[in-house]
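Shown next, in structure tokens, is the structure this report addresses.
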Amino acid sequence: MKNIKTSPEFMNLSEDEIVKALDEFEDQFATEEDVNPDVESDNPIVNEVARLINEYTTRFDELVEKTGENEDLPEEIFTYEPEIIIERVAYEIFMDAVHDSMQEADDE
């Protein structure tokens, strides 16, 4: 996870700027369930967050494949804290999805 980095032009964005861009993107959908992650935004901030989430997802999938689905995942996944704000926002979104997925698997 440590080797996933944002592009230089996004390094100094504030969390408010990032959240505002994400909120504006989500506002185009009627409900939260209608949000389509495959819809490309005109906002480069939203696209960068999506790119980072895809990178985290790819890396996570690689780790799961490497360790095996029934093995414990490396602690790094759960303790990693990106220093750059946009990376942190993207990682939090990614981890929320991981936690939701793990809860769904436990409920089955």
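Here are some notes:
- For segment 24-43, taking the residues that are part of a helix (DSSP H, G or I) and open to solvent by 70 Å² or more (accessible area, probe 1.4 Å), the one that is nearest to ASN54 (Cα to Cα) is identified as GLU26.
- Options GLU17, GLU9, GLU55; residue that is part of a helix (DSSP H, G or I), surrounded by 16 or more Cβ atoms within 10 Å (Cβ to Cβ), among the charged types (D, E, K, R) and modelled with pLDDT of 80 or more: GLU55
- Of all residues in segment 76-108 being modelled with pLDDT of 80 or more and either in a loop (DSSP other than H, G, I, E, B) or touching a strand residue (DSSP E or B) at 6+ places or on another chain (Cβ under 8 Å) (or both), the one that is surrounded by the most Cβ atoms within 10 Å (Cβ to Cβ): PRO82
- For GLU62, the conditions (1) open to solvent by less than 40 Å² (accessible area, probe 1.4 Å); (2) assigned to a helix (DSSP H, G or I) are fulfilled apart from (1).
- Listed by first and then second residue, the pairs linking a residue in segment 8-30 that is closer than 16 Å to ALA90 by Cβ to a residue that is loosely packed, with under 11 Cβ neighbours inside 10 Å, with Cβ atoms under 8 Å apart and 6 or more places separating them unless they lie on different chains, are GLU26/GLU32.
- Pairs with Cβ under 8 Å, 6+ apart, first in segment 31-58 and in contact (Cβ under 8 Å) with a residue 12 or more places away in the chain and under 16 Å from GLU9 (Cα atoms), second β-branched (Val, Ile, Thr) and assigned to a helix (DSSP H, G or I): ILE45/ILE18; ILE45/ILE86; GLU48/ILE86; VAL49/ILE18; VAL49/ILE86; VAL49/VAL89; VAL49/ILE93; LEU52/ILE86
- Pairs, first within 27 Å of MET11 (Cβ to Cβ) in segment 69-84, second of a type in the set (Phe, Trp, Tyr) and modelled with pLDDT of 75 or more, C-beta under 9 Å, six or more apart: ILE77/PHE60; TYR80/TYR91; GLU81/TYR91; PRO82/TYR91; ILE84/PHE10
The values are calculated or read from the model by the stated rules, or taken from the named source; none is laboratory data. Everything quoted here is computed from the prediction, not taken from an experiment. A quick note on method: Cβ atoms are made from the backbone with ideal geometry, for glycine too, and the neighbour counts reach across all protein chains shown. The protein model used for the area step is the full one, side chains on, heavy atoms only, and it has no ligands, DNA or RNA in it. Shrake-Rupley method; radii C 1.70, N 1.55, O 1.52, S 1.80 Å.
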